[in-house]
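The values are calculated or read from the model by the stated rules, or taken from the named source; none is laboratory data. Model, not experiment: these values are computed from the prediction. Don't worry about glycine lacking a Cβ; one is built from the backbone with ideal geometry, like all the others, and counts go over all protein chains shown. Ligands, DNA and RNA are excluded from the accessible area calculation, which covers all protein heavy atoms including side chains. Shrake-Rupley method; radii C 1.70, N 1.55, O 1.52, S 1.80 Å.
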Amino acid sequence: MMRRILVALAIVTVILTGCSKPDKSYVSMKVDGKSYRSPVMTDSDRSISSSNQRLDLHYGGFSFCYYDVMTSSDGPEICLLLRFSSSDAYQLGTRYKLPNGSAYEDNYDTAFVRMTVDGQVRYYYVIDGWVCLDNVESYYHDAEGAEEYRVSGSFSFTAKDEFSGDVIEVTDGE
């Protein structure tokens, strides 16, 4: 009897302490006070490595790109694009200014929120804002030397619809 109780206690202990849920992460922000977030990601797919999420190191500088669809319980579905580059190596804790204006003005650097308002697709391009990289962790190297990274940080910006002139505030971006 005592042996069964000890075995049961051991099983319960293993279940409660040894089986943790995977680390969950997502990109979140507020647009004019409404909370948005990307789909929940597991630890293995929150890396910046796919074609819509990249951190590339090159020639002493870097380029960063994040693009995803985000949802809110009280607002329209939106797409977020943050894409910029620097000729200097990245520095953790540094606020990098987001580019102003549309992608048509610059071949690479652009940042916007795209949403449908009253049945029309609108692009709100950044007029003032920043991204801060808080942590960059290399976690994969392939045979050719390419690396993939896990990136965390924060961002905030003001954006303007280039046709209507409407302005939105993006705050608390993580």
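Descriptive notes on the structure:
- Search result, residues across the stretch 64-99 that are in contact with a Leu (Cβ under 7 Å, 6 or more places away or on another chain), assigned to a loop (DSSP other than H, G, I, E, B) and of a type in the set (Ser, Thr, Tyr): Tyr90
- Taking the stretch 117-134 as the range and being open to solvent by less than 70 Å² (accessible area, probe 1.4 Å) and among the β-branched types (Val, Ile, Thr) as the test, the residues that pass are Val117, Val126, Val131.
- Residue in the stretch 8-23 that is at pLDDT below 75 and touching a helix residue (DSSP H, G or I) at 6+ places or on another chain (Cβ under 7 Å) present: yes
- Some residue of the stretch 24-45 being over 22 Å from Thr171 (Cα atoms) and either in contact with a His (Cβ under 9 Å, 6 or more places away or on another chain) or modelled with pLDDT of 75 or more (or both): no
- Matching residues in the stretch 149-167 - criterion: being closer than 11 Å to Tyr123 by Cβ and either touching a His at 6+ places or on another chain (Cβ under 8 Å) or part of a strand (DSSP E or B) (or both): Ala159, Lys160, Asp161
- Scanning the stretch 51-81 for residues that are under 22 Å from Tyr139 (Cα atoms) and open to solvent by less than 60 Å² (accessible area, probe 1.4 Å) yields Asn52, Gln53, Leu55, Asp56, Gly60, Gly61, Phe62, Ser63, Phe64, Cys65, Tyr66, Asp68.
- Residue match in the stretch 102-110 (condition: of a type in the set (Asp, Glu), closer than 20 Å to Leu57 by Cβ and either touching a helix residue (DSSP H, G or I) at 6+ places or on another chain (Cβ under 6 Å) or modelled with pLDDT of 90 or more (or both)): no
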